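Read through the structure below, which is laid out as structure tokens, and then see the notes.
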Amino acid sequence: MLKIEHLNAGYGDLQVLWDINLEIRSGEVVALIGSNGAGKSTLLWTLSGLLKPMSGSIIFAGQSIGGVSPDRIVSLGLTQVPQGRRLFAGLTVKENLLQGAYSRSDKADVAQDLDFVLELFPRLRERLNQPAGSLSGGEQQMCAVGRGFMARPKLLMLDEVSLGLAPIVVDAIYEAIGKVRARGMTVLIVEQDVQIALEQADRGYVLDVGSLIMSGAATDMLANPKIRAAYLGI
Amino acid sequence: MSGILIGQSAINVLLLSGVLTIAALGFSIVWGVMNIINLVHGAAIMLGAYVTFIAFTFAGIDPFLTIPISMVLLFGLGYLIQRNIINYVMRAPMLTTFLLTFGLEIIIINLAQFFFKSDLRAITTGYSGSSLTLYADPAANSSIEVPYIKLGALIVALLLTLLTHLLMSRTRLGRAIRSTGMDKDAAQLTGARISTIYALTFAISAGLAGAAGSLIAMTQSFQPGFGGTYTLYAFVIVVLGGLGSVPAVFLGALAFSLITVLTGLWQPGLTQAAAFALLVIMLVVRPSGIAGKAFYQ
């Protein structure tokens, strides 16, 4: 579904990512882990078209999307839930969710998906007509994840959705992610919290100072002593 | 102050605020969504006035029927200006777009002077002089009058204000425009094409300016330089009302008209000083405006 080869990317002259090779197959849940500043968000920003790659290729659903405009990438079925939620604070919860479906023209299905999201996150239904900026942190993250679902992407990339949230909220969000996975959505989980990410994923990659240094099955990685020492502090 | 004078003043405030709302609405939307203080705005108003003047003078079209023509032409011009000129400096600091629009305004005004000449123009229709008498006091030989042309302009202005509000708050495009104004990157991640959203936002703003120009052309004489004053008015109105929403612009226009009419009763030479004194006070005391919102909602 997504194949990245020899990707170099960064901001202006500042190269952040070095020779990234990564593959995500249809139906998989893949975890990308790495500490703060490793380049995870830079990679996602590049995949979404907000940054142009310096070199290398990104193939998504059979098409080259390196340097393609963000709106076209969303139309092709690649969406991300950005770090820090980035909700439209002055828009209501409902407007935020509907804006998530902006690239879609299938009105009836959008209405159905809105219902689906509100079943996943009943808290959002209670707050439907409130400005998103007035929600609690956990509710805002639910709204951000819901907005991502509303695009009905083939591949959904989630950037640090657990950051700063209570464990019970994190569980609720990952339970919802499990349900969309069951509907056939492929998921890329980007997390600093290695335990959470690898528990959810089939496979994982480790990004360190802009390079991928390890990859493998999630269960193997969780058992790997190096990872346990470096990221889990065990 | 007599009852008739108070009544007439209240009517005048309402009539003035309608047209001023339309004149300031597009300016407010572009500022709020695109973070541009658009100095071309007054030139767009001026072009709208000339569209009405030309259509009326040479084709005999009723000035009210020229409003859609002004709106469509200015919408197109606004789209082209944003798409082909301003779009290239959207990432630059506000001062750059400020100076760019300043330059564009001068170019447009100069071209207008070249093609339309600097003569004062005015439109006189068959109903220009007549008015609706709301109340008359024969003993004092005075009355409360509403000129038909200004009444029509008020109705058109209120209708366009309502339509703009519905466009911004109820439609898919309006939601995308507001999203883009709040968080450009996040809007792109939902699939909005920012250059198109900006071009449409600017086009809507210019279209409204065109309508304002048509309305103003019916009620005052004008020459190519007159639009600049309305850019200033729009600036004051937006600061008064706040950069929040369509209703905020209406509130700002109402406050501005009230000050202008009241000062005019007392000392007609000081209306601008009073309006801008209010601007200064407002910026110091409550910079977020009467309605007080930081961005477009």
*Just need the relative contact order of chain A here, percent rounded to a whole number, with Cα pairs under 8 Å and 6+ apart.*
27
*asked:* Please report the antiparallel percentage of the DSSP beta bridges confined to the range A:2-231, to the nearest 5.
replied: 55
_Interface residues, the range A:32-64 - accessible area loss of 50 Å² or more versus chain alone, probe 1.4 Å_ = A:L50
*Compute the normalised compactness of the protein assembly as shown: alpha-carbon radius of gyration over 2.2 N^0.38 Å, N being the residue count.*
1.18
*Calculate the length of the line joining the C-alpha centroid of the range B:217-282 to that of the range B:103-137, in whole Å.*
18
_Percent carbon-and-sulfur accessible area, chain A, ignoring ligands, DNA and RNA, probe 1.4 Å_ = 50
*Can you tell me the 0 to 90 degree angle between the C-alpha axis of helix B:194-219 and the longest principal axis of chain B, rounded to 10?*
10
*asked:* If each DSSP helix of 4+ residues adds -39,500 (n - 2.57) and the sum is divided by the residues in chain B, what number results at 222 nm, nearest 500 deg cm²/dmol?
replied: -24000 deg cm²/dmol
*asked:* Need the per-residue list for the range A:74-117: every residue with at least 50 Å² less accessible surface in the complex of protein chains than in the chain by itself, probe 1.4 Å, sorted by number.
replied: A:R86, A:F88, A:G90, A:L91, A:E95, A:Q99, A:Y102
_Report the B-A buried area as the accessible area lost on both sides summed, probe 1.4 Å, in Å² to the nearest 100._
2000
*In whole Hz, with x marking every Gly and Pro, tabulate ³J(HN,Hα) for the range B:82-91 from phi via Karplus 6.51 cos²θ - 1.76 cosθ + 1.60, θ = phi - 60°.*
5, 5, 9, 10, 5, 3, 6, 10, 4, 7
*Could you give the dipole magnitude of the protein assembly as shown about its Cα centre, charging the beta-carbon of Lys and Arg +1 and that of Asp and Glu -1, in debye to the nearest 20?*
400
_Among B:239-245, A:51-57, A:137-143, how do they line up by average Cβ neighbours within 10 Å per residue, starting with the highest?_
B:239-245, A:137-143, A:51-57
*What value, in deg cm²/dmol to 500, does the helix sum -39500 (n - 2.57) over DSSP H runs of n ≥ 4 give at 222 nm once divided by the residues of chain A?*
-11000 deg cm²/dmol
*Give me a single rounded figure for B:179-185: the average over its residues of other chain Cβ atoms within 10 Å of their Cβ.*
5
*Residues whose placed amide H lies under 5 Å from that of A:Q80, excluding near-sequence neighbours*: A:M157
*0 to 90° range, to nearest 10: angle between helix A:167-182 axis and chain A longest Cα axis*: 90
*asked:* Can you give me the long-range amide H partners of B:L39? Hydrogens built in the peptide plane at 1.01 Å from N, cutoff under 5 Å, separation of 5 or more residues or another chain.
replied: B:T101, B:F102
*Give the accessible surface of the protein assembly as shown per residue, rounded to a whole number of Å², with probe radius 1.4 Å and ligands, DNA and RNA excluded.*
42
*Rg ratio (alpha-carbon, reference 2.2 N^0.38 Å) - the range B:45-108*: 1.39
*Please name whichever of A:S57, A:V81, A:A151 sits farthest to the positive end of the charge dipole of the range A:51-184, dipole taken about the Cα centre and charges placed at Cβ: Lys and Arg +1, Asp and Glu -1.*
A:S57
*Shielding by partners, peptide B:68-81 (average Cβ within 10 angstrom, other chains)*: 0
_Size descriptor, Kirkwood hydrodynamic radius, that averages inverse alpha-carbon separations across the range A:2-231, Å_ = 17.8
_Quick check: the angle from helix B:227-241's long axis to the longest principal axis of chain B, C-alpha only, nearest 10 degrees?_
80
_Protein accessible area in chain B, 1.4 Å probe - carbon and sulfur %_ = 69
_Which residue, B:L39, B:N84, B:I6, has the largest displacement toward the positive end of the dipole of the range B:1-154 when charges sit on each Cβ (Lys, Arg +1; Asp, Glu -1)?_
B:N84
*Would you please name the GluC sites (Glu not before Pro) within the range A:154-195 that are DSSP coil residues with at most 10 other C-beta atoms within 10 Å of their C-beta?*
none
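The values are calculated or read from the model by the stated rules, or taken from the named source; none is laboratory data. All values reported here derive from a predicted model rather than from experimental measurement. Cβ coordinates were reconstructed from backbone atoms using ideal geometry, including for glycine residues, and neighbour counts include every protein chain displayed. To get the accessible areas, we keep the full protein, side chains included, count just its heavy atoms, and leave off ligands, DNA and RNA. Shrake-Rupley method; radii C 1.70, N 1.55, O 1.52, S 1.80 Å.
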